[in-house]
Amino acid sequence: QAADSKREQFRRYLEKSGVLDTLTKVLVALYEEPEKPNSALDFLKQHLGASTPENPEIEALRLEVTEMKEKYEAVLEENKKLKTKV
């Protein structure tokens with residue numbers, strides 16, 4: 001009886017928080033996909049990730065990574081030029 005009660009509480013929690021609705025939508029999208037993807041798990045991950053709002057901190061980190069890559073490339077180029085001078 002206690003296990004059933006806990007399961008029911010958990011189910012209500014998932015329903016109230018929108019998890020069941022979101023999972024259902026993603027599974028329906030997979031079902032309706034005319035050509036099934038090779039990896040159903042990747043499909044779920046992609047669609048679940050797409051349905052969450054973008055965290056501003058993540059966007060800031062992406063921008064920082066892009067800037068760091070550009071600086072890295074510039075340093076590599078400068079290093080190459082300095083090596084040719086030596």
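The table below gives the values:
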| item | result |
| --- | --- |
| With DNA, RNA and ligands ignored, accessible area of Tyr72 (1.4 Å probe; Å², nearest 10) | 130 Å² |
| Val75 - accessible surface, heavy atoms, 1.4 Å probe, Å² rounded to 10 | 90 Å² |
| Fraction of accessible area attributable to carbon and sulfur, the chain (%, probe 1.4 Å) | 58 percent |
| Rounded accessible area per residue of region 1-52, 1.4 Å, Å² | 88 Å² |
| Solvent-accessible area of Lys81 with every protein chain in place, 1.4 Å probe, in Å² to the nearest 10 | 120 Å² |
| Option label - P(r) over Cα pairs in 5 Å bins from 0, in percent computed here, alternatives (i) 3, 15, 28, 29, 20, 6, 0; (ii) 3, 11, 11, 11, 10, 11, 11, 8, 7, 6, 4, 3, 2, 1, 1, 0, 0; (iii) 3, 14, 18, 22, 18, 13, 8, 3, 1 | (ii) |
| Sparse-neighbourhood loop sites, GluC sites (Glu not before Pro) in the chain - DSSP loop, at most 11 other Cβ within 10 angstrom | Glu35, Glu54 |
| Estimated [θ] at 222 nm from DSSP helical runs (n ≥ 4, -39500 (n - 2.57)) normalised by residues in the chain, nearest 500 | -28000 deg cm²/dmol |
| Cut-off 13 Å between beta-carbons: net charge of the residues surrounding Glu8, Lys and Arg +1, Asp and Glu -1 | +3 |
| Lysine pairs with alpha-carbon atoms under 18 Å apart, the chain, spacing 8 or more or separate chains | 8 |
| Pair Val75, Ser5: separation of 7 Å Cα→Cβ label points (nm) | 6.0 nm |
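The values are calculated or read from the model by the stated rules, or taken from the named source; none is laboratory data. Please read all numbers here as calculations on a predicted model, not as lab measurements. Note that we place each Cβ from the backbone using ideal geometry, even for glycine, and neighbour counts take in every protein chain shown. All accessible areas refer to the heavy atoms of the entire protein, side chains included, with ligands and DNA or RNA removed. Shrake-Rupley method; radii C 1.70, N 1.55, O 1.52, S 1.80 Å.
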